[in-house]
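A short worksheet on the structure shown next.
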Amino acid sequence: MSKINVEKKEVKKILEKVHVIMEKKHIPRVNRQHNFEHYIEENRMLRVICEDYSYEPYQIAINMNSRYDYDLNGSDIILSLKKRKLGHPARRVEIFSWAEKTMLYFGQAINGDKQAFEKFQELRQNAISSHISRHEEEFKILAIMMYYKYPELDVYKELKEIYKFGIVYAKYFFYDVVDIISDVYHYPKTNQFNKKYKNNDEINNLSKQDLIDKITELENNNNKLEKDNNMLNNMLTELQDDFEKQLEESKVKEFTYFFSQLNSEKYGCVLDELLVIKKEVKRLRKDKFDLPIKLNGLLILIDKLAKFVQDNKINPMKKGSDIINLTFEEAQFCLYDGSPYANKTDVKRVKIISPGWIYNDIQISRPKVMEVTNNA
């Protein structure tokens with residue numbers, strides 16, 4: 001993609017106007033949020049994908065960790081992608097390819113190419129592909145892609161604020177950018193009737209054409225106010241929907257965090273131990289072993305705790321103590337203890353030490369596996 005000429009008079013004007021709306025409207029709003037840290041993480045993930053749409057989740061995690069000092073793994077990225085409806089690799093490539101193509105015409109449009117602007121609008125407003133009409137993350141992806149493809153646009157160093165945008169703020173920021181480009185190059189909405197009239201005599205002395213112009217101006221102003229009001233109402237509605245969605249995600253996050261702590265080494269891997277004890281008790285009962293009566297209360301407690309875990313849809317990911325073949329890809333989602341994989345096609349023989357736990361499709365704790373060697 002060719003660079004944008006930021007020294008061009010019109011481009012300077014566009015960037016100045018974008019800077020003004022960022023300072024006066026978007027930055028104050030976004031900084032009133034108390035939860036923009038997770039938006040920053042998501043947008044950084046989108047930024048990494050912009051570099052290579054075919055990145056595997058573990059590769060995205062590696063880039064995130066080295067670049068932004070996170071501690072993520074492939075399963076964390078898969079979960080985040082699924083939440084954003086970007087989990088399907090082929091669909092993800094389609095969406096990012098659409099965004100890249102859209103940004104190609106955007107760059108030409110901001111340089112003053114009217115035909116490119118029309119093509120940009122066509123791509124932006126129509127279906128993403130034959131089987132993807134629209135996507136809730138599209139404006140975030142477009143905003144991140146815009147600064148990735150054209151880093152020279154960040155003359156006011158506001159990209160760090162863009163990374164705080166959720167889907168709603170990204171959408172209306174992008175609308176503002178498009179309106180500014182349209183105003184500067186094609187359809188500037190200047191008032192044709194700026195004279196102020198102090199009394200009825202001055203109005204009575206107006207020509208018929210002046211009155212028509214005045215009425216047209218008032219109608220245009222009224223339409224603009226209605227449009228701004230509708231946009232504000234839509235924005236508030238979408239912000240409320242986004243807030244409710246984030247609230248639900250926050251509840252799930254707290255829920256899964258509780259169980260992940262329950263199975264952490266700090267608290268003795270309670271879920272793992274519960275599974276082991278339940279299996280052992282089941283085996284002893286099957287062998288008709290007479291358990292001491294004093295243990296009955298403890299066994300009832302264990303059964304109830306196991307039922308509580310099961311009722312909350314917390315399930316083991318693998319069968320404990322099994323020996324299995326583990327591929328390189330599968331190892332990205334486990335805590336693997338063994339010799340390094342020689343390449344991506346390498347397969348290791350491993351014993352499952354901890355099965356790992358999952359809530360619906362959310363990983364609570366990763367399986368722990370140890371390589372089985374000839375000497376073991």
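The values are calculated or read from the model by the stated rules, or taken from the named source; none is laboratory data. Everything quoted here is computed from the prediction, not taken from an experiment. All Cβ positions, even for glycine, are placed from backbone atoms using ideal geometry, and neighbour counts span all protein chains on display. Surface accessibility is based on the protein's heavy atoms, side chains included, excluding ligands, DNA and RNA. Shrake-Rupley method; radii C 1.70, N 1.55, O 1.52, S 1.80 Å.
Stretching N343 away from K319 to a fully extended chain increases their span by 6.0 nm, per 0.36 nm per residue minus the current alpha-carbon distance. Sparsely packed loop sites in the range 249-284 (the trypsin sites (Lys or Arg not before Pro) outside DSSP H, G, I, E and B with at most 16 other Cβ atoms within 10 Å) do not occur. About its Cα centre, the dipole of the range 252-376 is roughly 440 debye, where the only charges are +1 on Lys and Arg Cβ and -1 on Asp and Glu Cβ.
Computed on the Cα atoms alone, the convex hull of the range 298-356 gives a volume of 91 cubic angstrom per residue. Extension gain for the segment D154 to L335, taken as residue separation times 0.36 nm less the Cα-Cα distance, is 61.1 nm to one decimal. Rolling a 1.4 angstrom probe over the range 81-154 with all protein chains present gives an accessible area of which 49% lies on carbon and sulfur atoms. One equal scatterer on each Cα of the range 27-130, no solvent, Debye formula: the resulting log10 I(q)/I(0) at q = 0.14, 0.20 Å⁻¹ is -0.69, -1.04.
In percent, rounded to a whole number, the relative contact order of the range 323-376 is 39, using alpha-carbon pairs under 8 Å and six or more apart. Shown for the range 1-58: the carbon plus sulfur share of the solvent-accessible area, taken with all protein chains present and a 1.4 angstrom probe, equals 46%.
In this label model, H131 and S264 are separated by 4.2 nm, measuring between points 7 Å along each Cα→Cβ vector. Within the accessible area of the range 271-329, the carbon and sulfur atoms contribute 61%, probe 1.4 Å, all protein chains present. Residues in the range 317-376 average 58 Å² of solvent-accessible surface per residue, probe 1.4 Å, ligands and nucleic acids excluded.
Solvent exposure of the range 6-161 amounts to 48 Å² per residue of accessible area, where only protein heavy atoms count and the probe is 1.4 Å.
For the range 126-174, chymotrypsin sites (Phe, Trp or Tyr not before Pro) are listed when DSSP marks them as loop and at most 14 other Cβ atoms sit within 10 Å of their Cβ; the list is Y156. Computed over neighbours whose Cβ is under 10 Å from that of N325, the net charge equals +1, Lys and Arg +1, Asp and Glu -1. Comparing A143, I60, S133 along the charge dipole axis of the range 36-184, the residue lying farthest to the positive side is S133, per the Cβ-charge model. Potential lengthening of the chain between Q115 and R32 amounts to 26.0 nm, from the contour at 0.36 nm per residue minus the alpha-carbon distance.
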